[in-house]
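Right, one structure below, let's go through it.
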Amino acid sequence: MAVEELSTEDVIYRAHIRAIPSAKAIRLVQSRIRQSGIAVEQARYRLSAALIALSAQTSSSTLSTSYLAEALSSGTLDSQELAIQVLFGTSNGSSLPSHCLAAISATLMGTAWATAIAQPLPAQLANPSTLSPPDIGTSASATAADAPLTPTLQLLLPLLRLCADSVTPPPLPIVALTVRLLSSLEPYPAPPLEVGLEASALLPQLPDAIAIPLRTCLGGLMADVAISQSAAELSLAAPPAASGPAGSSAESQLDFPALPSPFPADRPTPPVLLSHMISFLLTYTLNSGKTAFSLSTPSAESGLWSADLPLLKAGRYFASPEKYLVNLLESSLQLVMGTHQTITPDLQRSLLFVTERLPQLLKYWKENPVVEWPYPTNLTECLTTAFELSAANLSSFNAWVSATYAARLADAEGGDDGGSFSMVEGWSVTTIQAVLVRRLVDLDLLESSAVGTLLPGGLLPSGAVGESLLDRACSASHASLMVLEIIVAASPGASRAFAAEFSQALVVAPQIPLPDNLLINLSAHPTLLIALSSAHQPKQLLAFAVNQLLHAPTDESAQADDPQGVLTRFGEGVVFVEAVVDTFDLELPWLLARSRRAVSLGHMDGGQKTSLNGWVKALFSTEGIDDHILLSTPPRDLCWLAPSIIQQAIAATAAGRLDRDALHGGLSYFSQPLLSWCLGGIISWLSSEVIRNGLISALHLDVLQTILLSDSTPEVLIRINGKAIARILDPQSALATVFQAASFDAQAVRTKLESIHSAGRSWNAASNPSLPLNTFRSQLHVIRHLAMTQQPWSGPFLADFQDCLVSEGPLPMLEVLYSELVRPSLEFDRANGDPLACFAPTLLALTVDGYRPLAEELITTFVPRYIESSSAAAASTSDAYQLSGLIKASLLVLAELEPSRDDSGPIASLAARLAEGLAEDLGALGRRPVMEASGTGIKRVRKRKLAEGSGKALEAGQKALLEGMRKALSSDEELCARFPALAKIGLS
């Protein structure tokens with residue numbers, strides 16, 4: 001019998017009997033469907049029914065399962081439609097065999113449907129067998145449209161009973177399928193009482209993964225959907241259900257309540273949530289100051305860090321000005337007190353924020369008030385409240401600072417490292433409250449008369465500048481530098497005076513050489529480097545140092561008189577720049593980035609080859625370094641030639657032209673100040689070569705070990721390469737056999753690395769075993785349970801957010817975020833609303849690690865794709881309301897965080913451009929044709945009509961979702977007043 005004469009079922013049965021491969025079998029089925037002319041839905045039902053029956057009839061369902069997988073992957077079958085058919089198959093009295101159900105479940109959970117945005121599963125379903133279009137003219141055709149609906153939870157009861165069986169637990173795929181269906185099940189309309197009672201009786205026996213979404217589904221029995229939530233958050237409740245047939249776009253059927261405003265007048269953010277949100281913004285602020293992207297560009301003279309503005313502007317979203325200021329002050333103080341174990345870069349960074357950056361931010365707020373969110377006039381009362389709330393911790397912290405200062409003074413006066421110590425005149429270490437109040441008075445934010453109510457005894461420390469701290473940093477011993485660290489951190493105005501002195505000295509360099517040892521001492525003490533950011537933001541400080549130290553014109557007369565001195569001073573500048581990059585986590589300047597790779601001879605000109613050969617001979621033969629080679633090689637050239645010199649030496653050793661003793665003898669030159677500054681690039685290049693060469697990298701490991709274990713290698717150059725070295729030490733690098741061959745002491749290197757470990761930095765190279773998206777989802781769960789959070793969460797959240805952004809990209813993250821917003825995978829306390837909904841617009845509007853805000857991806861990609869990929873079941877009015885609310889809040893918060901610019905013209909703000917693009921996208925989607933309904937089935941539009949449209953035809957449900965969004969957005973007065981383009985989408 002020819003294929004043209006067979007039904008869909010016959011084709012699949014005969015293919016199975018003949019063991020035809022799955023790809024060919026499904027192609028035959030597709031060909032038969034096209035030739036038969038039957039409706040797509042009817043063909044899908046018949047094919048899936050045949051495959052389910054085939055799986056149930058065979059004891060080994062490998063081939064039938066492969067047919068099923070191929071049909072799903074090719075798009076011949078729809079995953080959710082198949083899952084619904086399985087539900088009816090398990091509840092019709094002749095339940096599917098367990099092996100069949102497990103095989104089908106595993107196949108479904110292996111498709112993209114299992115991990116994609118959960119399409120809502122209607123609370124009531126019609127049996128697919130009743131939806132197959134009957135013959136026209138028969139009595140069945142008149143009644144098909146009235147097919148009875150079955151509560152979906154009732155269909156799920158057989159699966160729930162299986163999963164509740166603790167004696168013979170079901171296979172994991174069945175559990176996973178049950179979780180997937182429950183997670184997307186709409187709770188309304190509520191199931192019958194008897195169904196709900198039976199399901200609730202199974203709750204104690206069900207695993208949490210099933211019990212938690214089941215409780216959410218049972219919530220429909222207890223209460224109706226609330227349309228409005230707390231005014232300060234997104235409303236995740238569905239709007240009132242529209243009447244009329246599904247897919248109707250009539251205006252009367254799309255009347256929504258007003259979308260919630262992200263800036264309500266009362267801003268009723270719960271206190272716990274407010275403090276956590278401010279802590280997150282503080283962590284974000286302290287990290288974003290080192291990125292390459294700024295949200296604003298205030299004048300350099302203002303002293304305001306551009307990275308601090310989101311902390312101020314986002315505050316309008318969370319609380320009233322007075323309430324926010326009190327919480328900001330308290331959280332900033334807690335940030336300092338939560339980082340003290342010793343004087344670390346993190347502590348210095350936090351102190352600098354509280355005593356310098358925060359006062360400048362308050363000054364900016366006072367001078368640039370917002371009508372709806374004015375600067376509080378009661379700063380004294382706000383400070384008093386913040387000090388009282390933190391009184392115990394402040395007392396403990398100040399006592400610790402005083403004790404640490406006294407201990408370091410005693411060490412310095414003991415003179416154990418040679419050299420005498422004298423007290424630093426004109427500077428006094430005092431409490432953090434006194435340093436903050438002194439700065440606020442200096443900026444005219446506080447009256448001197450208010451000091452009596454803020455500080456014990458009412459004594460305001462002097463703001464006069466004492467003796468030069470820069471001179472102390474030049475000639476001080478190590479113990480004296482430890483004293484200087486505390487003075488710079490805890491004396492009023494000390495960090496600012498220290499940074500100003502350094503800036504003045506750097507301006508006149510190299511015409512007036514910097515004092516001896518200054519750059520080396522600063523490079524060895526990250527806390528002092530951080531103090532320099534009082535005068536320059538990190539990127540500005542780096543650019544300033546690179547220009548003055550690395551790219552200044554060479555003084556030829558000085559080089560001729562003292563070539564070694566000139567090279568040494570240049571090297572000190574290189575080490576300083578490396579230290580700035582390391583301390584503030586900045587990008588390497590071009591010269592230092594170039595010094596991290598070796599250049600082959602074929603890419604060098606004649607002069608460069610001559611210099612390279614001269615240095616190889618000078619270092620690795622008996623010639624030694626003479627003035628000729630120093631004068632013939634500019635310091636900047638030697639900087640990038642250094643890895644190539646080592647490469648040539650290793651190649652000569654591998655070829656037998658250079659013995660190991662000569663190799664190590666040449667390396668000894670790099671232990672001296674004349675060349676030790678080159679080791680940053682050399683260590684980086686060696687580390688990458690070890691990873692690249694793997695089992696043949698023994699010589700590279702030998703050289704690397706010699707450099708790393710040398711006491712003369714500057715620690716900052718090891719610290720900046722810490723992650724690269726950690727990759728080599730990682731057990732997953734599979735270099736253990738090479739370690740043995742090269743006699744590489746991995747433990748000694750690890751100990752050395754840990755001994756110079758920078759506080760707050762992780763060099764653990766082991767990859768996270770969890771998938772980035774799973775980790776991101778877990779962090780979203782943390783936000784919903786902040787009241788139970790014991791450890792600081794904002795730092796790990798930002799780190800995981802950045803990792804996921806780099807590895808997965810913004811779109812998958814948005815899919816996870818939106819699915820959690822509208823259909824949480826874990827239950828949480830809703831008494832004070834949804835913390836994640838309150839937090840989401842700010843998260844979408846922030847720029848993290850230089851990436852564009854997620855709000856941009858939400859508007860330009862996620863929204864159009866979500867509309868086009870929604871099924872008729874998923875495209876509900878509640879979806880339109882929820883997504884529109886997220887769009888509104890994200891656009892308004894993004895506009896708030898952006899710099900003040902016109903919302904039109906060539907320099908329109910990002911939010912304004914996104915709003916215009918959204919209006920165009922929704923208008924274009926609205927002009928697409930809609931698939932025509934025919935009876936109870938769906939008939940595709942003719943090709944000619946589709947060609948006249950502007951893209952792929954929309955299903956009726958997609959059109960309903962689109963019209964709902966257009967109505968919600970275009971009728972929102974607050975949104976359209978800010979973005980007029982959105983007012984027109986309801987008319988297009």
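Summing Lys, Arg as +1 and Asp, Glu as -1, what charge do residues with Cβ under 15 Å from the Cβ of Ala649 carry, Ala649 excluded? Show your work: numbers first, answer last.
On the way: positive: Lys617, Arg657, Arg660; negative: Glu623, Asp659, Asp661, Glu689, Asp702.
Computed value for this residue: -2.
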- Task: In nm, give the distance between the simple-model label positions of Arg18 and Asn774, each being 7 Å from the Cα along the Cα-to-Cβ direction.
- Result: 4.3
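Once the Cβ-Cβ distance between Asp555 and Ser402 is put in as r, and R0 is 35 Å, what FRET efficiency do you end up with, to the nearest 0.05?
On the way: r = 47 Å, r/R0 = 1.34.
E(calc), rounded to 0.05, equals 0.15.
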- Query: How would you classify region 440-486 from its alpha-carbon gyration tensor, with a ≥ b ≥ c the square roots of the eigenvalues: rounded for a/c under 1.5, else prolate if a/b is greater than b/c, otherwise oblate?
  - Reply: prolate
- Item | Extension gain from Asp208 to Arg852, taking 0.36 nm per residue of separation minus the Cα-Cα distance | 228.1 nm
- Taking only the alpha-carbon atoms of region 44-87, the convex hull volume per residue, in cubic angstrom, is 56
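Of the accessible area of region 718-757, with the probe set at 1.4 angstrom, what percent is carbon plus sulfur? Mind dumping the intermediate values first?
Details: 1060 of 2040 Å².
Using a 1.4 Å probe with all protein chains present, region 718-757 comes out at 52 percent carbon and sulfur.
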- Note on the structure: Too long for a 24 Å Cα-Cα cut-off, among Lys539/Lys888; Lys959/Lys984; Lys888/Lys959; Lys323/Lys366; Lys609/Lys723, are Lys539/Lys888; Lys609/Lys723
- Query: So what's the projected area for region 640-693, the Cα convex hull averaged over all directions, in nm²?
  - Reply: 3.8
- Simple SL model, points at 7 angstrom along Cα→Cβ for Thr384 and Asn613; separation in nm is 8.2
- Query: So how far apart, in nm, are the two label points at Phe828 and Arg27 if each is 7 Å from Cα heading toward Cβ?
  - Reply: 5.0
- Task: Diagonalise the Cα gyration tensor of region 423-545 and give the resulting equivalent ellipsoid semi-axes, square root of 5 times each eigenvalue, largest first, whole Å.
- Result: 29, 16, 12
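Per residue, what accessible area does region 563-671 have, given a 1.4 Å probe and all protein chains present, in Å²?
Here the residues of region 563-671 average 43 Å² of exposed surface.
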- So Asp730 and Phe88, fully extended at 0.36 nm per residue minus their Cα-Cα distance, gain in nm 225.9 nm
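Where does each of Trp400, Trp615 land when they are ordered by accessible area, with a 1.4 Å probe and the largest first?
The residues order as Trp400, Trp615, largest area first.
What's the FRET efficiency of Ser632 with Val370 using the Cβ-Cβ distance as r and R₀ = 35 Å, to the nearest 0.05?
Values: r = 62 Å, r/R0 = 1.77.
Plugging the Cβ-Cβ distance into 1/(1 + (r/R0)^6) gives 0.05.
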- Isotropically averaged projected area of region 13-113, using the convex hull of Cα atoms (one quarter of hull area), nm²: 6.0
- Note on the structure: Around Thr8 (Cβ within 9 Å, Cβ-to-Cβ, excluding Thr8; K/R +1, D/E -1) the net charge comes to 0
- Over region 405-557, average the accessible area per residue using a 1.4 Å probe and give it in Å², no decimals. 43
- Task: At a temperature of 25 °C and a viscosity of 0.890 mPa s, determine how fast region 359-495 diffuses translationally according to Stokes-Einstein, using the Kirkwood radius over alpha-carbon pairs as Rh; express D in µm²/s, rounded to the nearest whole number.
- Result: 146
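Pro824: net charge of surrounding residues, Cβ under 10 Å, Lys/Arg +1, Asp/Glu -1, itself excluded? Display every interim value, and only then the final one.
On the way: positive: Arg784, Arg823, Arg830; negative: Glu820, Glu827, Asp834.
My count for the surroundings of Pro824 gives 0.
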- Message: Whole percent per 5 Å bin, from 0 to the bin with the longest distance: what is P(r) over all C-alpha pairs of region 792-895?
- Response: 2, 11, 21, 25, 21, 13, 6, 1, 0
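In nm, what is the difference between 0.36 nm times the number of residues separating Ser36 and Thr453 and their Cα-Cα distance? Show your work: numbers first, answer last.
Values: separation 417, 0.36 × 417 = 150.12 nm, distance 8.91 nm.
Difference between extended and current length: 141.2 nm.
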- Karplus-derived 3J(HN,Hα), 6.51/-1.76/1.60, for each residue of region 631-648, Hz, glycine and proline x: 6, 7, 10, x, x, 5, 5, 4, 4, 8, 7, 4, x, 5, 4, 5, 4, 5
- Query: Can you pull the percent of region 610-668's accessible area that's carbon plus sulfur, 1.4 Å probe, other chains left in place?
  - Reply: 48
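Determine the share of region 308-465's accessible area contributed by carbon and sulfur atoms, expressed in whole percent, with a 1.4 angstrom probe.
Numbers: 3440 of 6670 Å².
Heavy-atom surface of region 308-465 belonging to carbon and sulfur, 1.4 Å probe: 52 percent.
The values are calculated or read from the model by the stated rules, or taken from the named source; none is laboratory data. Given the structure is predicted, the values throughout are model-derived calculations rather than measurements. Note that we place each Cβ from the backbone using ideal geometry, even for glycine, and neighbour counts take in every protein chain shown. Ligands, DNA and RNA are excluded from the accessible area calculation, which covers all protein heavy atoms including side chains. Shrake-Rupley method; radii C 1.70, N 1.55, O 1.52, S 1.80 Å.
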